[in-house]
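S.K.: The structure under discussion is supplied below as structure tokens; questions concerning it will follow.
The values are calculated or read from the model by the stated rules, or taken from the named source; none is laboratory data. Bear in mind that the values here come from a model prediction, so they are computed numbers and not experimental data. Neighbour counts are summed over all protein chains in view; Cβ atoms, including those assigned to glycine, are modelled from backbone coordinates with ideal geometry. Note: accessible area is taken over every heavy atom of the protein model, side chains too, but ligands, DNA and RNA are not part of it. Shrake-Rupley method; radii C 1.70, N 1.55, O 1.52, S 1.80 Å.
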Amino acid sequence: MSRIGKMAITVPAGVEVEIAENNVVTVKSAKGTLTQTFNPNMTIEKDGATITVKRPDDSHLNKSLHGLTRTLLHNMIVGLDKGFTKELEVNGVGYRAQMEGKKLVMNLGYSHTVTMEAPEGVEIEVPAPNKILIKGYDKQVVGQFAAEVRGKRPPEPYKGKGIKYASEVVRHKEGKTGAKK
């Protein structure tokens, strides 16, 4: 058995889970609604406030789908209960971020400002000019948008300037020594 796949998922109060035919799972809460279709090989069972995922046999495909299905279901439930947050840091002289309405405007050393609009279900906060918080209930959308923001100016290894995740460690390289022959 998959270590992750065999773990049961507990549905917290305030979150509703509906399992329709063809493994179409809909999760609802006050924050929003998420719907996803899972592989028909997996058996998703709801027993009160507990959800379990079972696989038909030990084939390689079913083993890999077992843990994936359980993790995706768990992320849907946790996202609609607590939500997900990605924290980014903006490092560099003159580099800063600010909110203008619902748009994120960043000065990143280019000749122009970089403006990004959040997708639906994603909320952006800028508590300080060098911090960006991206919040939402869909883990995939939050992670993708955070990666797009980071991609506008990834951290460079010589001075560490750019946008990085708060937990990311940028390994610094040594520059040229300037020694002549």
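S.K.: For 45, 16, give the ranking by accessible area with the largest first, probe 1.4 Å.
M.R.: On the way: 45 75, 16 110 Å².
Order by accessible area, largest first: 16, 45.
S.K.: If you don't mind, there's one more thing I want to ask. For every helix of n ≥ 4 consecutive DSSP H residues, a contribution of -39,500 (n - 2.57) applies; sum these over the chain, divide by its total residues, and give [θ] at 222 nm rounded to the nearest 500 deg cm²/dmol. Please report the intermediate quantities before stating the final value.
M.R.: On the way: 2 runs with 35 residues, N = 181.
Computed ellipticity for the chain at 222 nm equals -6500 deg cm²/dmol.
S.K.: Gain in length, residue 24 to residue 100, computed as 0.36 nm per residue apart minus the alpha-carbon separation, to one decimal in nm? Let's see the in-between values first.
M.R.: On the way: separation 76, 0.36 × 76 = 27.36 nm, distance 3.85 nm.
Result for the pair: 23.5 nm of gain on full extension.
S.K.: Any chance you could look up the accessible area of residue 142 with a 1.4 Å probe, heavy atoms only, rounded to 10 Å²?
M.R.: The accessible area of residue 142 comes to roughly 0 Å².
S.K.: Can you tell me which of 155-161, 69-75 comes out highest on packing, and rank the rest after it, using the mean Cβ neighbours within 10 Å? Before the final figure, lay out the partial values.
M.R.: Details: 155-161: 15.0, 69-75: 20.3.
With the highest mean Cβ count within 10 Å placed first, the list reads 69-75, 155-161.
S.K.: Using 0.36 nm per residue of separation minus the Cα-Cα distance, give me the extension gain between residue 123 and residue 45 in nm, one decimal. Before the final figure, lay out each step's value.
M.R.: Working: separation 78, 0.36 × 78 = 28.08 nm, distance 3.27 nm.
Length gained between residue 123 and residue 45: 24.8 nm.
S.K.: Identify which of 105, 169, 27 has the largest mean-square fluctuation in a Gaussian network model of the chain, with springs joining Cα atoms closer than 10 Å.
M.R.: 169
S.K.: Send over a whole-number figure in Å² for the accessible area per residue of the chain, probe 1.4 Å.
M.R.: Values: 11220 Å² over 181 residues.
I get 62 Å² per residue for the chain.
S.K.: Could you look at the chain and say what percent of its accessible area is carbon and sulfur, using a 1.4 Å probe and all protein chains?
M.R.: Details: 5510 of 11220 Å².
Carbon-and-sulfur percentage of accessible area, whole number: 49.
S.K.: Could you check the spin-label model distance between residue 172 and residue 110? Points 7 Å from the Cα along Cα→Cβ, value in nm.
M.R.: Rounded to a tenth, the inter-label distance reads 2.7 nm.
S.K.: For the pairs 152/173; 102/135; 82/135; 131/164, note any where the Cα-Cα span goes beyond 19 Å. The partial results should precede the final answer.
M.R.: Values: 152/173 21 Å; 102/135 13 Å; 82/135 10 Å; 131/164 10 Å.
Over 19 Å Cα-Cα: 152/173.
S.K.: Tell me the angle of helix 60-81 to the major Cα principal axis of the chain, expressed in degrees between 0 and 90 and rounded to the nearest ten.
M.R.: On a 0 to 90 degree scale, this one is about 70.
S.K.: Let me ask something else about it. Between rounded, prolate and oblate, where does the range 29-133 land on the alpha carbon gyration tensor, with a ≥ b ≥ c its root eigenvalues, rounded for a/c under 1.5, else prolate if a/b exceeds b/c? Display every interim value, and only then the final one.
M.R.: Working: a/c = 3.60, a/b = 2.50, b/c = 1.44.
Prolate shape, in that a/c is at least 1.5 and a/b is the bigger ratio.
S.K.: Hey, another quick one. Find the relative contact order for the chain and round it to a whole percent, using C-alpha pairs within less than 8 Å whose residues are 6+ positions apart. Before the final figure, lay out each step's value.
M.R.: Numbers: 336 pairs, mean separation 31.2, N = 181.
Reported as a whole number, the value is 17 percent.
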